[in-house]
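Notes for the one structure printed next.
The values are calculated or read from the model by the stated rules, or taken from the named source; none is laboratory data. This structure is a prediction, so every number in the text was calculated from the model and none was measured. A quick note on method: Cβ atoms are made from the backbone with ideal geometry, for glycine too, and the neighbour counts reach across all protein chains shown.
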Amino acid sequence: MVTAANISAQPVWQILATVTDPEVPVLTILDLGIVRDVNMVDGQVQVTITPTYTGCPAMDMISMNIRLALIENGYSNIKITTVLSPAWTTDWMSEEGKQKLQQYGIAPPNAKQAVCTPDSFQEEEAIQCPLCKSYNTKMISQFGSTACKSLYQCNECKEPFDYFKCH
Ligand SMILES: [Zn+2]
């Protein structure tokens, strides 16, 4: 729906496209899909975001970065609202964002592969190595460099890598 509020919010979306995730600087917050809504109401910029992970410390920094980016661009009346429901899922991440993650050396979410075993056909969580693309990988630690990632190692190229956890 195009309304006056949507039209005046357009420049705000362009500013938000420059705000990056402090943990994964190649991803913008639009790539992550955490911006739910932008509205201009009586001269106030209202941005609604949904955190990727509840309690993720990066979210406070993201809120602050949104505020700073808007202030830099001449907005002073800013309201940032955090909405927890519906919860963010990795499906909200853009395809471009997933590609950027892989290029950055982090296995993107939902990199699952259907695995056939002799007696069953099942979907196993096979994580693809972002370096050599092998699915022959194993988890080393549930927590990687941050709580939002797990640490994996590739059995083919032996390289450790971060995996952006699924929801
Ligand atoms: Zn590999």
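Hey, could you check the stretch 100-144 for residues that are modelled with pLDDT under 65 and charged (D, E, K, R) and say which is surrounded by the most Cβ atoms within 10 Å (Cβ to Cβ)?
Applying the filter and picking the extreme gives LYS112.
Output the qualifying pairs, or none if there are none: Cβ atoms under 7 angstrom, residues six or more apart or on different chains, first residue in the stretch 29-47 and surrounded by 18 or more Cβ atoms within 10 Å (Cβ to Cβ), second residue of a type in the set (D, E, K, R) and not in a strand (DSSP E or B).
ILE29/ASP21; ASP31/GLU96; ASP31/LYS100; LEU32/ASP21
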